[in-house]
Amino acid sequence: MRGARGTRGTRRAGGAAGAALLAAALLGGCGLVSGSPMSDDVRPGTVGRGLPLKGADLTVTSKEFTENIVLGQIMGLMFKAAGATVIDKTNIQGTIGAREAVRTGTADGMYEYTGTGWITHLGHEKPIPDPHQQWVAVRDADLRNGIVWLPPSRLNNTYALALNAANEKKYGVRTLSDVAALLKKDPGAVTLCVENEFATRNDGLPGMAKAYGMDIPPGNVRRMTGGVVYTETAKGTSCTFGEVFTTDGRIKAMGLTVLADDKHFFPNYNAAPEINAAALRRHPQIAEILAPVTAALDNDVARKLNAEVDVEGRDPHQVAKAWLVKKGFIKEGGG
């Protein structure tokens, strides 16, 4: 299971109350008591000059999938370069466990997704279409839980449908409305490879089909695991369209084209720093340190970094460090 799917897997599993109950079990068994110090020899670049976090002891966490691990490493390295002693507790199994680490103060911060915060953690059923207003709503509601959401990135890790170049040329589709029109014209042309979860979720295939007026024959939907969805969509023989995530590095690597969600059905999942409120009161410099880094994150950056891990097999920590150095946010070495 590619971890973004794990993020969505608990999204409607009982809302906020269910999440709180589940958290106790996850905190007891997900290894939150462990962690290792970041020992990198890094120093400020354009951010963190004057070592504003000198003397601070900070812990970063993340969920267990590639993108969120890389984001957790980015946060930790920024804290380290700004002078903090940093404990790395990234790669926590499940969205609830990582969230609870931040809420309880077991960890001080992570990158979380606005749609996940609104639906999974806060228990709402319907997302807010405007990405900024979605962040504002999550920020305001989560303050009572002792969590501060800092300004979000443009990185939006949401659902999409994609197809290979041959099928794009054959059918001339660019949007999900085009797929709906193709379905009415030639029902046999619209076959889909999807994961089991996407096939049943209200914010997945059923909701998408309803929003776009798609009457998809059950036999046109093929269910499979996430990795197979990408390979089969790239082949384009067993299915024309495949379920993908918009920041997955395999999209570009496999030559897939993402179709525009022209009715804006899928929720916004913009990545934003989620910080323990007490930690931010102790170290308000955290907000200033993370702001330019978060602003530099978008879908193109995420696809590139994710591909370096998922396609090229590189270590997430090294991928995060190389990007921060290239951007000039930090420098290596103590000179």
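Screening Pro187, Pro218 for residues that are free of Cβ contacts under 8 Å to residues at least 12 places away in the same chain and out of contact with any strand residue (DSSP E or B) (no Cβ under 7 Å at 6 or more places or on another chain) leaves exactly one candidate, Pro218. Within region 228-240, the only residue that satisfies the criterion of being open to solvent by 40 Å² or more (accessible area, probe 1.4 Å) and not β-branched (Val, Ile, Thr) is Lys235. Whether a residue is surrounded by 17 or more Cβ atoms within 10 Å (Cβ to Cβ), in contact with a Gly (Cβ under 6 Å, 6 or more places away or on another chain), within 20 Å of Thr120 (Cβ to Cβ) and of a type in the set (D, E, K, R) was assessed, and Glu243 does not pass this test.
Annotation: Gly213 fulfils all but one of (1) open to solvent by 30 Å² or more (accessible area, probe 1.4 Å); (2) in contact with a helix residue (DSSP H, G or I) (Cβ under 6 Å, 6 or more places away or on another chain); (3) within 30 Å of Ala291 (Cα to Cα); the unmet one is (3). Take Ala199 and decide whether it is touching a strand residue (DSSP E or B) at 6+ places or on another chain (Cβ under 8 Å) and under 29 Å from Ala272 (Cα atoms). In short, yes. Of all the numbered requirements in (1) in contact (Cβ under 8 Å) with a residue 24 or more places away in the chain; (2) closer than 16 Å to Tyr269 by Cα, Gly76 misses one, and that requirement is (2). Against the conditions (1) touching a Ser or Thr at 6+ places or on another chain (Cβ under 8 Å); (2) surrounded by 23 or more Cβ atoms within 10 Å (Cβ to Cβ); (3) within 18 Å of Val221 (Cα to Cα), Leu155 satisfies every one except (3).
Reported count of residues in region 150-207, each being polar (S, T, N, Q), assigned to a loop (DSSP other than H, G, I, E, B), touching a Lys or Arg at 6+ places or on another chain (Cβ under 8 Å) and closer than 26 Å to Asn268 by Cβ, is 1. Of the residues Thr90, Thr59, Thr7, which single one is buried (at least 22 other Cβ atoms within 10 Å of the Cβ) and modelled with pLDDT under 95? Answer to the selection: Thr7. When Thr106, Thr85 are checked against the criterion of being in contact with a Lys or Arg (Cβ under 8 Å, 6 or more places away or on another chain) and either surrounded by fewer than 22 Cβ atoms within 10 Å (Cβ to Cβ) or under 30 Å from Ser39 (Cα atoms) (or both), a single residue qualifies: Thr106.
Just to be sure, is Asn167 within 30 Å of Leu280 (Cα to Cα) and either surrounded by fewer than 16 Cβ atoms within 10 Å (Cβ to Cβ) or in contact (Cβ under 8 Å) with a residue 40 or more places away in the chain (or both)? Judged against the criteria, Asn167 is not a match.
Matching residues to (1) open to solvent by 10 Å² or more (accessible area, probe 1.4 Å); (2) within 22 Å of Glu197 (Cβ to Cβ); (3) touching a Gly at 6+ places or on another chain (Cβ under 7 Å); (4) at pLDDT below 95:
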residue	(1), (2), (3), (4)
Ile96	no, yes, no, yes
Val102	no, no, yes, no
Met110	no, no, yes, no
Thr120	no, yes, no, yes
Asp130	yes, no, no, yes
Trp135	yes, no, no, no
Arg139	yes, no, no, no
Asn145	yes, no, no, no
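Scanning region 315-335 for residues that are in a loop (DSSP other than H, G, I, E, B) and within 19 Å of the chain's Cα centre (by Cα) turns up just one, Asp315. Applying a threshold of 6 Å to beta carbon distances and a minimum spacing of six or more residues, or different chains, the list of pairs starting in region 248-266 at a residue that is farther than 22 Å from Thr116 by Cα and ending at one that is in a loop (DSSP other than H, G, I, E, B) reads Ala253/Val311.
Taken across region 288-298, residues that are touching a strand residue (DSSP E or B) at 6+ places or on another chain (Cβ under 6 Å) and open to solvent by 10 Å² or more (accessible area, probe 1.4 Å) do not occur at all.
The values are calculated or read from the model by the stated rules, or taken from the named source; none is laboratory data. Quick caveat, the model's predicted, so the values are computed rather than measured. Cβ: placed from backbone, ideal geometry, glycine included. Neighbour counts: every protein chain shown. Heads up: the accessible areas ignore ligands, DNA and RNA and are worked out on the full protein's heavy atoms, side chains in. Shrake-Rupley method; radii C 1.70, N 1.55, O 1.52, S 1.80 Å.
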